1. Say we look at segment 84-105 and pick out the residues that are in contact with a Pro (Cβ under 7 Å, 6 or more places away or on another chain) and of a type outside the set (Asp, Glu); which of these is least open to solvent (accessible area, probe 1.4 Å)?
2. Residues of segment 33-90 being under 23 Å from Leu213 (Cα atoms) and of a type in the set (Ser, Thr, Tyr), which ones?
3. Pull up segment 69-83, narrow it to residues that are crowded, with 21+ Cβ neighbours inside 10 Å and of a type in the set (A, V, I, L, M), then point me to the one that is nearest to the chain's Cα centre (by Cα).
4. Going through segment 223-276 one residue at a time, which ones are part of a helix (DSSP H, G or I), surrounded by 10 or more Cβ atoms within 10 Å (Cβ to Cβ) and at pLDDT 80 or above?
5. So, in segment 106-121, of the ones that are in contact with a strand residue (DSSP E or B) (Cβ under 7 Å, 6 or more places away or on another chain) and either of a type in the set (Gly, Ala, Ser) or open to solvent by 70 Å² or more (accessible area, probe 1.4 Å) (or both), which residue ends up nearest to His71 (Cα to Cα)?
6. Scan (1) open to solvent by less than 50 Å² (accessible area, probe 1.4 Å); (2) in contact with a helix residue (DSSP H, G or I) (Cβ under 6 Å, 6 or more places away or on another chain) for the single condition Gly124 breaks and write down its number.
7. Count, please, the residues in segment 174-185 that happen to be in a strand (DSSP E or B), open to solvent by 20 Å² or more (accessible area, probe 1.4 Å) and either under 17 Å from Leu218 (Cβ atoms) or in contact with a Phe, Trp or Tyr (Cβ under 6 Å, 6 or more places away or on another chain) (or both).
Amino acid sequence: MTLPGGNPESNAPAHVTPTERDFPAPPEPSPVSPTFDELTRSRTKEIIAQYPEPRSALLPLLHLVQSVEGHVSQDGIRYCAEALDLTTAEVSAVVTFYTMYKRSPCGEHLVSVCTNTLCAALGGDDIYARLRTHLGSEDRPLGHEETAGEPGSPGSITLEHAECLAACDLGPVLQVNYEYFDNQTPESAVELVDALRRGERPQPTRGAPLTDLRTIELELAGFTDDAATVDTTARVEGPSSAVESVRGVRLAEENGWTAPAMPPQPPAMPARPEKK
C-alpha cells in the first residue's frame, strides 16, 4: 500500500539520530574515600614498589586498608582496584575468599576460637558456645563475626569460629588478634575476654605481646614503625614454641635418634606402564 505522498507503508520506527536517543549519562567515577589519607597513600606506594607486578601487592594492601578502616569496605575495594589497576570484581573476589579480610566493621579485638575436629573434641565447641552467650545473651547469642560493643571502640570484641589454627598439640586454642592462647577452657576464655573489655592486654601463651586488631593489620601490611608501636623489638619478639610442640625433637635428642641421610642421588623413578 502506498501512503499519500507516494511513500510506501512501513511499520519501522522513524529514524532517530544517535544524538536524539535517550542514552543515560555515564556514571561519574566515585571519589576515593577521604579515609585514605596521604600517609596511607605513601604506604600504598611502598607496598607496590616491592613487587615486580603491581597486582601481586593486593594481599598486603588489603591489610593496610583494614588497618585504616577496621574492615574492608566498598571504598577500600575501590581504592585497591585503582591503586593496582584491577577491576573491583577482581579485588572483591580476593576479599571474599580470604577470611582474614572482614566485610563488616570489627571490634578493637578479634577473638577467634578454633572449632576444627581436635579442638572441638577437646572443648573448642564449648568455649565458642560460652563466649557467644557471655558476649551476647542467652536469648541472643553473639553470631559468627558479630561484635560485642560499638565496632572500633575500646573494649569491643568481634567473635568468630575458626577452622584449624595449627596448634593441635595445644588445643583447645583461641587467638586474640592472631596471637595464641593455648590450652583454654570455657572459664579461662571468659576471663580473657573480660580482661580485654576492661582495657587490659593479657600476655599470649606464645608470640608477641598483645595489641589491637588495627595495629596487627598494619604489621601484616609490612609496617612495624607506627607511632602506636612503642617498642618495635618487643613487638616482634616472644616465645614461639611450647614444650608440647618440640617434644618429639627432645625425645630424638635424648635417645640419639636421627633421620637417615639423603642419598647422593635420588632413587630412579619406576618405569611407566605401557599403554594398552
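1. Leu84
2. Ser33, Thr35, Thr40, Ser42, Thr44, Ser67, Ser73, Tyr79
3. So, considering only residues that are crowded, with 21+ Cβ neighbours inside 10 Å and of a type in the set (A, V, I, L, M), the one nearest to the chain's Cα centre (by Cα) is Val72.
4. Arg247, Gly248, Val249, Arg250, Leu251, Ala252, Glu253
5. Across segment 106-121, the extreme among qualifying residues is Gly107.
6. All conditions pass for Gly124, except number (2).
7. 1
Each row is one residue, and each column tells you yes or no for (1) modelled with pLDDT of 95 or more; (2) of a type in the set (D, E, K, R); (3) assigned to a strand (DSSP E or B).
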{"residue": "Asp125", "(1), (2), (3)": "yes, yes, no"}
{"residue": "Ala129", "(1), (2), (3)": "yes, no, no"}
{"residue": "Arg132", "(1), (2), (3)": "yes, yes, no"}
{"residue": "Arg140", "(1), (2), (3)": "yes, yes, no"}
{"residue": "Pro154", "(1), (2), (3)": "yes, no, no"}
{"residue": "Asp169", "(1), (2), (3)": "no, yes, no"}
{"residue": "Pro172", "(1), (2), (3)": "yes, no, no"}
{"residue": "Leu192", "(1), (2), (3)": "yes, no, no"}
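The values are calculated or read from the model by the stated rules, or taken from the named source; none is laboratory data. No experiment lies behind these values; they were computed from the predicted model shown. Neighbour counts are summed over all protein chains in view; Cβ atoms, including those assigned to glycine, are modelled from backbone coordinates with ideal geometry. For accessibility, only protein heavy atoms count, side chains too; no ligands or nucleic acids. Shrake-Rupley method; radii C 1.70, N 1.55, O 1.52, S 1.80 Å.
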